[in-house]
Amino acid sequence: MSDPFDIDNLAEGDIPFDGPVENTAPAYMEGLNPPQRQAATTINGPLLVLAGAGTGKTRVLITRLAHILTTGSGFPGQILAVTFTNKAAAEMKERVGAIIGDAVEAMYWLGTFHAIGVKILRNHGNLVGLKSNFTILDSDDQLRLVKQIVRTHDIDEKRWNPRILAGLIDGWKNRGLLPSQVPGAEARNYAEGKGITLYAEYQARLKTLNAADFGDLILLCLVLFQNNPDVLADYQRRFRYILVDEYQDTNVAQYLLLRLLAQGHKNICCVGDDDQSIYGWRGAEVGNILRFEQDFKDAQIIRLEQNYRSTKHILGASGGLIEGNVGRLGKTLWTEREGGEKVTVNPVWDGREEARNIGEMIEDRQRKQQSLSEMAILVRAGFQTREFEERFLTLGIPYRIIGGFRFYERAEIRDVIAYLRHVHNPHDSLAFERIINVPKRGIGAATVNKLHNISRQDNCSLSDAAARIIQTDNLRGKARGTLSRLLDDFARWRDQAQDNDHIALTETILEESGYSDMWRMDKSPDAEGKLENLGELIRAMEPFEGLDEFLEHIALVMENSRNDTQDKISIMTLHGSKGLEFETVFLPGWEEDLFPSKKSLEEQGEKGLEEERRLAYVGLTRAKKEAHIFHVASRYLYGNYTSPIPSRFISELPADHVEFKPSQGMYGQETQKATAKGFSDSPRSWSQGYISPQLNRSKAKTGISQPRRKTATTSAYKISDRVFHDKFGYGVIMACDGNKLEVDFEKGSLRKIMDNFVSPA
């Protein structure tokens, strides 16, 4: 097959035909229900596939791609297939390859929005001020650059946190706005009107660094196409078919890019679910999917509503809940699966009791031979995980925190990557600045400031500034010699990089820079782990052909590649659970202010509430067989005990699909007393009065005693007492401040801890 880039010189056999598809259904169509088959075979014209949770969306995507290729309607280089994760792209490529064979390797334009943007800019970056070897900055690098710019303007960082500006810049880029296009009123959002000026300076600095941040990977493609109609026309002609997964999660810039590219053949298929649009906080615009019919003339909509994942009760409960949203296209999920338990609502006393009850339910299911990997705890906020970690350590239940600190985000790994980035791109000043004194070389802040001054004055990179300053008397003493040797080191490593052995290069840098020795000589408890991570980094580089491929992988993926096969229960946020499924799902913390989030309601009003409701819908529909909701009467938040009322979402669940359990744990007797005084013994009748957020606060807590608050100001423990902690083991109390203890644990850590978390040893 011809080069997929060279549309004008295709081999004769590469041009697809427009003839009819054969009537005999091919093997890859077997098992599809009628709407799925229709979505897979409707390949001409704009199409929106409204795919509900668990309706076989992925199979439809795979079948559609295979159908286009096997019928000769298009060849691999003519298909733009956009996913939202690298994992989804890899799965799609693998499954399409199982149908069409090696031809899938020619599907060059299959990947995430950012990966597609990188490919376009590597070819045409010169038209937007970038060289082909430009660096991709992550959020940490972006923030450091923003801080540099803020400081040059003498802005009070305590009043105007640079993170705010970084967030504003991300938001503007997500909306496809260059500095000149940002509404003037938004300038007041930072440093009394300087926001847009600082954004413009930030963009200018990126060009000097020959770098782009993630927002630029889409924004600069828009600039490229808008200013170069011939280039746009080439890509419009090239992409005969466009397929977009998770369309409800696109932001404005991504939406604009798709609209530009689809104006050629107009064969665009967007697959998504408006009821699962939960990423508004990072720029996703649910309106993109809601107005599809208005954006694309003669568009068709096909609804996938047969669910293959969950029971009727789970679908009934989640479907009834999401009907509370006004901003949706509407669909009703159904299943042929019979049986299944109702969704349970479980009132408990506090977070510790919540974790205790869920732990017992997990152990019960283990005894029934259900594996831990088939269960998940989905929380609204990260702080909720602590209680479960403490409890599971006590019970000996293996668990994993999904979405925790990732491998490539660890400080020691970022340091080594900075060395490699600067070898690859000498203009990458952010990478150079990060390691200029790591390990310590005697190059202090004063020297770095001098380099920044030269860099700004001469409009050059920091390494160029370093090369200039060592030729003058502006830098003397040890710093001058050290800086000169560092530049020589990078020149030597850059020469070694020409051998294209990135593993040997990395090993050389680790030894010659003194970085490995720094950790070998470090006596801190985590030094050994740092060295192990460096070894893991070397192993992680093995699958890649060269340094540039490895660095691009890190920038686009940023995830740990280790395969952990031990059976563990997963703990993650509701946002992180999207796209996953489990036999049993536990949903703790369904309380007002926590879920729905108070912040979301205050900042976005009804729009925020609808997104929170979609998040609840996503959580429920992760469950195949069981979904268990929990809410507490007392929760310790931000240093205070609160008395939350149950989430309004609980009262929106249809009664036919929900079982309201009697209260569990410490206040069970109080509930029984309330029932005896005249409340109906029916779980639904009692719970309806108990949970309804429309009732006043006292009625909403019917049957629940008020939270017991701590009143003691002194602890029963004293200095030198020996205590035990479930997680940290045995220790000795070194200091007491009320009920706060400072404990020296035998495992080598001195920690401050509340006395109710330890027991006498």
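The values are calculated or read from the model by the stated rules, or taken from the named source; none is laboratory data. Source: prediction; values computed, not measured. Glycine gets a Cβ as well: all are built from the backbone with ideal geometry, and neighbour counts include every protein chain shown. In case anyone asks, the SASA skips ligands and DNA or RNA and just uses the protein heavy atoms, side chains included. Shrake-Rupley method; radii C 1.70, N 1.55, O 1.52, S 1.80 Å.
For the reader, a short list of remarks on this structure follows.
- Test: residue in the stretch 490-511 that is over 24 Å from PRO426 (Cβ atoms) and surrounded by fewer than 17 Cβ atoms within 10 Å (Cβ to Cβ): no
- Subset of the stretch 153-169 that is part of a helix (DSSP H, G or I) and open to solvent by 60 Å² or more (accessible area, probe 1.4 Å) - its residue that is nearest to GLU285 (Cα to Cα): ILE164
- Options VAL60, VAL49, VAL82; residue that is among the β-branched types (Val, Ile, Thr), buried (at least 17 other Cβ atoms within 10 Å of the Cβ) and part of a helix (DSSP H, G or I): VAL60
- Out of ALA103, ALA88, sole residue that is surrounded by fewer than 16 Cβ atoms within 10 Å (Cβ to Cβ), part of a helix (DSSP H, G or I) and among the hydrophobic types (A, V, I, L, M, F, W, C): ALA103
- Hits in the stretch 151-209 (condition: in contact with a Leu (Cβ under 9 Å, 6 or more places away or on another chain) and of a type in the set (Gly, Ala, Ser)): ALA166, GLY171, GLY176, ALA191, GLY195, ALA200
- Output for the stretch 622-643, where each listed residue is surrounded by 21 or more Cβ atoms within 10 Å (Cβ to Cβ) and either modelled with pLDDT under 95 or among the aliphatic types (A, V, I, L, M) (or both): ALA623, ALA627, ILE629, VAL632, ALA633, SER634, ARG635
- Every residue from the stretch 577-598 that is open to solvent by less than 10 Å² (accessible area, probe 1.4 Å) and charged (D, E, K, R): GLU591
Each row is one residue, and each column tells you yes or no for (1) open to solvent by 70 Å² or more (accessible area, probe 1.4 Å); (2) over 23 Å from HIS424 (Cβ atoms).
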site	(1), (2)
ILE435	no, no
LYS450	yes, yes
SER463	no, no
ALA466	no, no
LEU475	no, yes
SER484	no, no
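- All positions within the stretch 452-461 that are open to solvent by 10 Å² or more (accessible area, probe 1.4 Å), closer than 19 Å to ASN210 by Cβ and among the polar types (S, T, N, Q): GLN457, ASN459
- All conditions but one from (1) open to solvent by 20 Å² or more (accessible area, probe 1.4 Å); (2) touching an Asp or Glu at 6+ places or on another chain (Cβ under 6 Å); (3) among the aliphatic types (A, V, I, L, M) apply to ALA411; the one that does not is (2).
- Picking from residues in the stretch 298-308 that are touching a helix residue (DSSP H, G or I) at 6+ places or on another chain (Cβ under 9 Å) and part of a loop (DSSP other than H, G, I, E, B), the one that is least open to solvent (accessible area, probe 1.4 Å) is ASN307.
- Residues of the stretch 254-297 that are within 15 Å of LYS578 (Cβ to Cβ), open to solvent by 10 Å² or more (accessible area, probe 1.4 Å) and part of a helix (DSSP H, G or I): GLN276, GLY280, TRP281, ARG282.
- Residue within the stretch 350-371 that is open to solvent by less than 40 Å² (accessible area, probe 1.4 Å), in a helix (DSSP H, G or I) and closer than 29 Å to GLU606 by Cα present: yes
- If you go through the stretch 170-184 and keep only what is open to solvent by less than 60 Å² (accessible area, probe 1.4 Å) and among the small types (Gly, Ala, Ser), you end up with GLY171, GLY176, GLY184.
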